[in-house]
Amino acid sequence: MSRKKIILYNPKAVFFDMPLALLAIGSALNDKEYEVIIIDGRICDDVEGEIRKHIDEALCVGMSVITGAPIADALKVATFVKGIKSALPVIWGGWHTSLFPTETLRDSEHIDITVQGQGEETFKELVDHLSQNLSIDNIKGISFRKNGEPHKNPPRPMVDMDSFGRVNYDLIDIEAYFKKKKKRQFDYISSIGCFFRCAFCADPFVFQRKFSAISPEKLGEEMEYYQKKYKFTDLNFQDETFFTYAKRINGIANEFINRNLNISWAATMRADQGSRLSDEIWALCKESGLRRLLIGVESGSQEMMDWMKKDVKLEQVFYCAEKCKDLGIGVIFPFIVGFPGESDQSVVETVKVIKKLRSKSHRFDTPIFYFKPYPGSTITNDVVKNGYVLPETLNDWSKFDYIGSSGPWVSKEKERFFENFKFFLKVAYNEKGGFAAYPIRKMGQWRINNDNFKLPLEKYIYEKLVNKPELS
Ligand code: B12
Ligand code: SF4
């Protein structure tokens, strides 16, 4: 008997992280019954042609959607699918539909079902029910139209990640991703959720401050298997808070060393977790290949950090910076500026902390983002209470993107300052270009040290020459 096809679509974007969500839900299905076809808008040149090829034998089409530009592309593809086969169920999952389960259904007749939160078990149950023509009324973690009206079922409790089978990366053309990334970098997620409560983040809303992670033993085994199979040289963990349990990290580093994986790896760390890590575990991480961390600082003002319930102290950030400097580990320290009501003093302190971190190591980077009221966070709720109107329809949300400017509460003067600061930070600490770039680098350093961005001619010329990406 031929297998039923499950088409999964990942919307267009300018980054080439592997479509981990689709890999996770696709691998959860019984491969004797279903053939999973992953189409990635970032990799595939003819999405419509590819859909046409498989649609006759398809049971449903699933799409993974995060807030912003990906929505517009996913809507386009959903409309195309429905134009060919209107009865074929279109299912959307991911962060946007976890935040807007019924609203998404209200706004597009081309979406039949939305999935909330963790998707593996929910999708498996859903596909089995669709396949056997059973009612989906009691499936936890989904929303659908009941008597024509969007209806949300109760949530599905988080499932232990150790209970899932191995993710089947053969569902994608892995070499195509290596090629796009220009390195053999393997993306992987080893935990879901987060225990913390940062007031700008959607995670506490979506996962209710719960967390589940794969055990070190299972992770070691999997990595050895994947490494032998795909010959990757770098491993990129996409977890929100990889360093949640020191014991687990100790186990993972030992697994990598004992299995002679000989890879480099990168992950996220909270500074409070890093400051509690023993020297031995830090050293083990380095020995096992840790090359880069992402440590969210968000603000250089402790008062602001406390206001956003980051539950991290600036001293902990500097402790981690020193550790990484000593061990030769790179760090991305992201900052967020332009919160509503943020004082000039807070901006001054943020600028000071950024300069201090950058001067410590050429391996440190400090990207600066403007606060955007992404849905699901407590600060966004406060901004709305104070009169800010969030996008209302799916179409409006598709235009809500991180590429772009700050909120209306940030003065033009402050925005100009940050745009200049960001540009000259890049110039001042750019190691590329060798001797030829020396004068421009020196000029950038002078500007950064003196906060002097008058007549930013260098920036003007650069912007004239380089196009900005339109998609995220
Ligand atoms: C990799 C990543 C990126 C990449 C690529 C994202 C992409 N297009 O795939 C890049 C670097 C481009 C990126 C950019 C940004 N990101 Co980002 N990113 C991530 C990250 C770290 C990992 C995503 C991932 O692969 N997860 C692993 C998979 C397995 O988990 P998952 O996606 O949640 O999928 C599960 C369920 O959601 C569900 N599911 C998902 N899709 C589907 C589909 C179906 C059909 C079903 C049934 C189920 C289902 O099942 C899956 C398995 O359980 C997440 C955080 C995280 N850990 O998830 C943030 C995250 C998705 N990013 C986020 C944000 C805010 C951003 C930025 C705005 C950041 C910034 N300030 O620049 C930008 C802009 C994004 C945009 N609008 O385009 C938010 C999303 C908020 C939102 N409302 O959508 C997250 C959740 C981080 C956070 N905690 O705030 N990001
Ligand atoms: S920002 Fe990171 S640590 Fe804070 S709640 Fe979100 S995922 Fe957790």
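The values are calculated or read from the model by the stated rules, or taken from the named source; none is laboratory data. All of these numbers come straight from a predicted model, not from anything done at the bench. Heads up, the Cβs are rebuilt from the backbone with ideal geometry, glycines too, and the neighbour counts pull from every protein chain shown. We work out accessible area using only protein heavy atoms, side chains counted, and drop any ligands, DNA or RNA first. Shrake-Rupley method; radii C 1.70, N 1.55, O 1.52, S 1.80 Å.
Just a few scattered comments:
- Per-residue ³J(HN,Hα) for segment 205-215, Karplus 6.51 cos²θ - 1.76 cosθ + 1.60, θ = phi - 60°, Hz, x for Gly and Pro: 6, 6, 10, 6, 6, 10, 8, 9, 9, 6, 5
- In order along segment 95-105, phi translates into HN-Hα couplings of 5, 5, 7, 6, 8, 10, x, 8, 4, 4, 5 Hz, rounded to whole numbers, per the Karplus curve 6.51 cos²θ - 1.76 cosθ + 1.60 with θ = phi - 60° and x for Gly and Pro.
- Model label zone, SER343; criterion: amide N under 15 Å from point 7 Å along Cα-to-beta-carbon; scope segment 280-307: 300-307
- Beta bridges per DSSP, both residues in the chain: antiparallel share near 20 percent.
- When you filter the GluC sites (Glu not before Pro) in segment 1-103 for DSSP loop state and at most 14 other Cβ atoms inside 10 Å of their Cβ, you are left with GLU33, GLU57.
- In terms of distances greater than 23 angstrom between alpha carbons, the cross-link table entries LYS183/LYS228; LYS183/LYS360; LYS12/LYS372 yield LYS183/LYS360.
- Each Lys or Arg adds one and each Asp or Glu takes one away; over the other residues whose Cβ falls under 10 Å from the Cβ of TRP265, this sums to +1.
- Taken about its Cα centre, segment 4-152 carries a charge dipole of about 260 debye when Lys and Arg each add +1 at the Cβ and Asp and Glu each add -1 at the Cβ.
- Taking every alpha-carbon pair under 8 Å whose residues sit at least 6 apart, segment 19-165 reaches a relative contact order of 21 percent.
- Value of [θ]222 nm, deg cm²/dmol, for the chain, DSSP H segments ≥ 4, -39500 (n - 2.57) each, nearest 500: -12500 deg cm²/dmol
- Nearest-ten-degree value, helix 120-131 long axis tilted from longest Cα axis of the chain: 30
- Value of relative contact order over the chain, rounded to a whole percent, pairs C-alpha under 8 Å and six or more apart: 13
- Ranked by the mean number of other Cβ atoms within 10 Å per residue, highest first, peptides 8-21, 215-228 order as 8-21, 215-228.
- Computed on segment 32-136, the Cα convex hull volume stands at 111 Å³ per residue.
- Counting every alpha-carbon pair across the chain, the share separated by more than 28 Å comes to 56%.
- The Cβ shell under 12 Å around PRO456 holds other residues with a net charge of +2, Lys and Arg each +1, Asp and Glu each -1.
- Within the accessible surface of segment 175-465, defined with a 1.4 Å probe on protein heavy atoms only, the carbon and sulfur portion equals 54 percent.
- Descending by average beta-carbon neighbour count within 10 Å, the peptides 201-212, 146-157 line up as 201-212, 146-157, the highest first.
- Cα gyration tensor shape for segment 124-272, rounded if a/c is under 1.5, else prolate or oblate: prolate
- Counted by Cβ distance under 12 Å from THR122, the other residues give a net charge of -1, where Lys and Arg count +1 and Asp and Glu count -1.
- Using θ = phi - 60° and Karplus 6.51 cos²θ - 1.76 cosθ + 1.60, couplings along segment 138-153 (whole Hz; Gly, Pro as x): 10, 7, 6, x, 10, 10, 7, 8, 10, 6, x, 10, x, 9, 10, 7
- The modelled label-to-label distance for the pair TYR388/ARG106, using points 7 Å beyond Cα in the direction of Cβ, is 2.1 nm.
- Protection proxy ranking, peptides 368-375, 165-172, average beta carbon neighbours within 10 Å, highest first: 368-375, 165-172
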